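Below is one structure; the comments refer to it alone.
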Amino acid sequence: MPIYVEISRLYRCATVVARGKITREEILATADELIDADIPLFAKLIDVAGATSDVTAGDVRRLAAVLRKVGKIKRGPVAFLIAPERADFARAFAATQTERPVRLFTSIHQARDWLTRDAHIEAEQAPPPAANGVTPWSDPQREAVLIRRRQRRALAMPASRPAYGT
């Protein structure tokens, strides 16, 4: 499973999980997938802790340009989940972002807390308060797409089974 994307329109957030060796083409395809989903204001959790890649600084700048092609609009915060010894991509990407908050974390819990509480999301972008303890990361109406090279496959996500650990 090289890159997995899960989008929750209800909670206005997206989770991207990369595992194994990732090519620059897969990274750009995922960026295009996020653009096509029309979710620039959504909070994004990008887990690259289990991924490796040979992207260059120029590739990261091209990726940032691809993400900016949607125009001059406000973009949501990005939390990267990283392995400290392999954080070059996340650090290079964060350096290209001046119009939105980007932070790097080694704990998924800290990343989620920052996205939901501390990322300075405007009131209309914040997840609605939940009386039953449901969080943005347990959305039962979420969509999931598996991207493997040029193939894309929608995945059914049963509400009773979280796709990504809590």
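Between residues in the range 143-166 that are under 18 Å from Ile46 (Cα atoms) and acidic (Asp, Glu) and residues that are surrounded by 10 or more Cβ atoms within 10 Å (Cβ to Cβ) and modelled with pLDDT under 75, which pairs lie under 8 Å by C-beta distance while being six or more apart or on different chains?
Glu143/Met157
Does Glu26 count as more than 13 Å from the chain's Cα centre (by Cα) and crowded, with 16+ Cβ neighbours inside 10 Å? Write out each step before concluding.
Working: more than 13 Å from the chain's Cα centre (by Cα): yes; crowded, with 16+ Cβ neighbours inside 10 Å: yes.
Yes; evaluated as a whole, the condition is true for this residue.
If I ask for residues that are part of a loop (DSSP other than H, G, I, E, B), over 20 Å from Ala14 (Cβ atoms) and modelled with pLDDT under 90, which ones from the range 59-90 would you list? Walk me through it before giving the result.
We begin by selecting, within the range 59-90, every residue part of a loop (DSSP other than H, G, I, E, B); these are 69-77, 82-83, 87.
Filter once more, so that each one left must be over 20 Å from Ala14 (Cβ atoms): 72, 83, 87.
Across the range 59-90, the qualifying residues are Lys72, Ala87.
Starting from residues that are without any contact (Cβ under 8 Å) to a residue 60 or more places away in the chain and assigned to a helix (DSSP H, G or I), keep the ones in the range 105-121 and report whichever is surrounded by the fewest Cβ atoms within 10 Å (Cβ to Cβ).
Applying the first criterion (without any contact (Cβ under 8 Å) to a residue 60 or more places away in the chain) to the range 105-121 yields 105-107, 109-110, 113-114, 117-118, 120.
Next, only the ones that are assigned to a helix (DSSP H, G or I) stay: 109-110, 113-114, 117-118.
Numbers: His109: 9, Gln110: 14, Asp113: 14, Trp114: 18, Arg117: 11, Asp118: 13.
Here the residue is His109.
Any residue in the range 37-53 that is in a helix (DSSP H, G or I), in contact with a Ser or Thr (Cβ under 8 Å, 6 or more places away or on another chain), modelled with pLDDT under 90 and not acidic (Asp, Glu)? Steps first, please.
First, pick out the residues of the range 37-53 that are in a helix (DSSP H, G or I): none.
No: the range 37-53 contains no residue that is in a helix (DSSP H, G or I), in contact with a Ser or Thr (Cβ under 8 Å, 6 or more places away or on another chain), modelled with pLDDT under 90 and not acidic (Asp, Glu).
Quick check on this structure: which one of Ala14, Ala43, Ala18 is in contact with a Cys (Cβ under 6 Å, 6 or more places away or on another chain) and either touching a residue at least 40 places away in the same chain (Cβ under 8 Å) or crowded, with 18+ Cβ neighbours inside 10 Å (or both)?
On the way: Ala14 fails: in contact with a Cys (Cβ under 6 Å, 6 or more places away or on another chain); Ala18 fails: in contact with a Cys (Cβ under 6 Å, 6 or more places away or on another chain).
Unique residue meeting the criteria: Ala43.
If you take the residues in the range 91-104 that are part of a helix (DSSP H, G or I) and not small (Gly, Ala, Ser), which one is farthest from Val16 (Cα to Cα)? Walk me through it before giving the result.
Pass one, the range 91-104, residues part of a helix (DSSP H, G or I): 91-96.
Pick out the ones that are also not small (Gly, Ala, Ser) and you get 91, 93, 96.
Numbers: Arg91: 17, Phe93: 15, Thr96: 19 Å.
Across the range 91-104, the extreme among qualifying residues is Thr96.
The values are calculated or read from the model by the stated rules, or taken from the named source; none is laboratory data. Predicted, not measured: the structure shown is a model, and the values here were computed from it. All Cβ positions, even for glycine, are placed from backbone atoms using ideal geometry, and neighbour counts span all protein chains on display.
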